[in-house]
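Trainee: My structure is below; once you've seen it, I'll send some questions.
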Amino acid sequence: MSDQAGWTVFIGVIALIIAIVAWLLPDPFHINDRPTALSVTMVPPPPADPPERSTEESTDKRTEEAAEELTKERSEEPSEDPEPEPEPEPEPRPDPVSSARAAGFPGQVQVPPGATLTRPARGTPPGRFAAHFRVESDGVESMVKIALIGAGSRCFGPATLRDVFLSEPLSALPLEVRLMDLDSAALERALGYARHLNDRLGRGHRISATADLDTAVQGANFVITAFEHRREHYWAMDFHVPRMYGFKQPYGENGGVGGIFHTLRNLPPMMEVARAIERLAPGAWLLNYTNPENRLVEAVSSLTGVKAAGLCHGIVTGRRQVCRLLGLADEHLEAWAAGINHFTVFESLRDRRTGEDLYPRLRETEARGDELARWQELALGRIILRRFGRWPSPSSNHYGEYLAWGHDFVLSGVQYYYDPARGHPWETGEPPKFIYELTDRHTGGPWPGPPKERPGEPDDPSEAPLEPSIEFGIPVIEGLTCEERMIDAVNVVNDGAVPNLPADSVVEVPAVADAGGIRARRMSPLPEALAALLRTQLSIHKLIIEAYRERSKDALLQAVLLDPVVDSYPRAVAMTDHLLDLQKDVLPPLR
């Protein structure tokens, strides 16, 4: 054999060996490894007993009254487990970067090179997941980390913890729950309740508690905010001081002059959280429950690079009103609403069984109804339906805040009633009883007797029913990490979702949460009269943010003077100075 022939045989043998190795070990030389590479493998669900039929198997039990049927509508309803899919062939190997984007964790989970991400086949019912997002590197699973800032909150803290631990999709993930609160006693209660839920439900999630914001946020994938500093104390000021100067605001939470100071007071701690996310958890989602919802989310979105969404269950209240008025089961109502937080209007109301437009029936029912029926809850909504053509949500004392004439339909005087001759509540340290809506429950108490408490969480949250809440935070996280979710209402940057509202303002609209993020539903233009009302509020939002960013008292005064309840310049200036002085310890300094 000649030397040339020998070399030819030798090279052929080497090539054959390389081909065999490449066939046995896909990418043995790590040619496809890149700094952010992520390999994705579709894993079928495990063998299981055939599931019950989808009519009995709720796709999302958490939003019992509002979101369940909307979620069902967007998911497949298999009557039996799908056949296991064969393992994919190792070749051709998918592009790692494209796979990472398709998997839905862009910036949410930092995955090292060579990691493997698995998710269930699309349409797999919740609770039947073989593996959701399981991220592995060198045999070690990366936790999905949820930080709850304000974990000691009496309203949202226990409800959010129940939602986390009751979630079947999240139960299949390696999950860490971090609790953060500055109130040590409240934090200890929240930690105890989280451990109670973890043990009772057998979840095995990692739980930690801290009073340090940086520790809570470090490397988190989701940061949920639900905090308020001395809520009743400062809310009494927000409510009563403007009324002392003749400004008849109905509520003082998200709208009116009180809502302006509420925003300015909560902006510093919210921005502190957002800056911590930028430094320590870039790419994490900020999911906010803290009010004023629209304004805080707009500040975070415009002043930072943090992905933020605000969540409010008010839409559930509006849906329930419509269902009661029409005698309709909630699961039969398809309803889409748009606007701003605490003032949305239903674009459409349909019977999902027949497709019938329910607005004619609602108008007929309203016209026949007694004028005083459930007046405190419905009277203002009925006027808006008659004059503007849409049913609003959630209730009179909420959307009434945004209207110069809203006080005509809300018994505001009783909501924070006290006798000023006995001293103002911010001086006595005894905040008046909060009343959301006037009913016999509030005025029919024993005489004499202790005041009745506002219904809510029991002192020991473990005594509360172990059932999902109507909040949207955990369904959003499920959608972003596990399987698509339809969310009835989110507060996000408009970007054309409501065509006749500013594109850079935050609006409240329905949205889909999935691997691609939170995507707002495109809505029809609002009736011009309603759009004009809301555009005024969105301008106020921008002025408050400017006042915070520039430390500008002039911008604050502009926001106050633009508010519909303000009708006097001298009184507006005096009231602003009064509130700046009363709340100077918790407001950013203005000049």
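Trainee: For the charge dipole of the stretch 284-346, defined by +1 on Lys and Arg C-beta atoms and -1 on Asp and Glu C-beta atoms about the Cα centroid, which residue among Gly305, Thr290, Phe346 has the Cα displaced farthest towards the positive pole?
Mentor: So the residue we want is Thr290.
Trainee: What nm value, rounded to one decimal, do you get for the distance between Ser208 and Asp370 when each label is placed 7 Å out toward the C-beta?
Mentor: Result: 5.8 nm between the two label points.
Trainee: Work out, step by step, the length gained on full extension between Asp585 and Arg551: first 0.36 nm times the residue separation, then minus their alpha carbon distance; give nm to one decimal.
Mentor: The Asp585-Arg551 span can extend by a further 10.7 nm.
Trainee: Among Tyr569, Ile477, Val586, whose Cα lies farthest out toward the positive end of the dipole of the stretch 473-591, if unit charges sit on the beta carbon of Lys, Arg (+1) and Asp, Glu (-1)?
Mentor: Tyr569
Trainee: Given labels modelled 7 Å from the Cα in the Cβ direction, how far is it in nm from Asp495 to Arg522?
Mentor: 1.4 nm
Trainee: While we're here: Tell me which GluC sites (Glu not before Pro) from the stretch 266-358 have a DSSP coil assignment and no more than 15 other beta carbons within 10 Å of their own.
Mentor: Those that pass, being in a loop and sparsely packed, are Glu356.
Trainee: Taking the Cα centre of the stretch 244-322 as origin and charging only Cβ (+1 Lys, Arg; -1 Asp, Glu), how large is the dipole, in debye to the nearest 20?
Mentor: That gives a dipole near 160 debye.
Trainee: Kindly identify the stretch 215-290 as rounded, prolate or oblate by the Cα gyration tensor criterion: order the square roots of the eigenvalues as a ≥ b ≥ c, call it rounded if a/c is under 1.5, otherwise compare a/b with b/c, prolate if a/b is larger, else oblate.
Mentor: prolate
Trainee: Rounded to the nearest 5, what % of the DSSP beta bridges within the stretch 284-390 are antiparallel ones?
Mentor: In the stretch 284-390, approximately 70 percent of DSSP beta bridges are antiparallel ones.
Trainee: How much of the accessible area of the stretch 167-283, probe 1.4 Å, is carbon plus sulfur, in whole percent?
Mentor: C and S atoms contribute 47 percent here.
Trainee: Let me ask something additional. With 5 Å bins from zero, work out the P(r) of the stretch 158-317 over every alpha carbon pair and list the percent per bin.
Mentor: The calculated distribution, bin by bin, is 2, 8, 16, 17, 18, 16, 11, 6, 3, 1, 1, 0.
Trainee: Within the stretch 294-356, what whole-number % of the accessible surface is contributed by carbon and sulfur, with the 1.4 Å probe and all protein chains included in the calculation?
Mentor: The C+S portion of the solvent-accessible surface of the stretch 294-356 is 47 percent.
Trainee: Quick one: which of 310-320, 226-236 comes out on top by average Cβ neighbours within 10 Å, and what's the full order, highest first?
Mentor: Ranked by mean Cβ neighbours within 10 Å, highest first: 310-320, 226-236.
Trainee: How far apart, in nanometres, would the label points at Arg230 and Ala185 be if each is projected 7 angstrom from Cα along the Cα-to-Cβ direction?
Mentor: 1.6 nm
The values are calculated or read from the model by the stated rules, or taken from the named source; none is laboratory data. None of these values were measured; they are calculated from a predicted model. Note that we place each Cβ from the backbone using ideal geometry, even for glycine, and neighbour counts take in every protein chain shown. Surface areas here come from the heavy atoms of the whole protein model, side chains and all, with no ligands, DNA or RNA. Shrake-Rupley method; radii C 1.70, N 1.55, O 1.52, S 1.80 Å.
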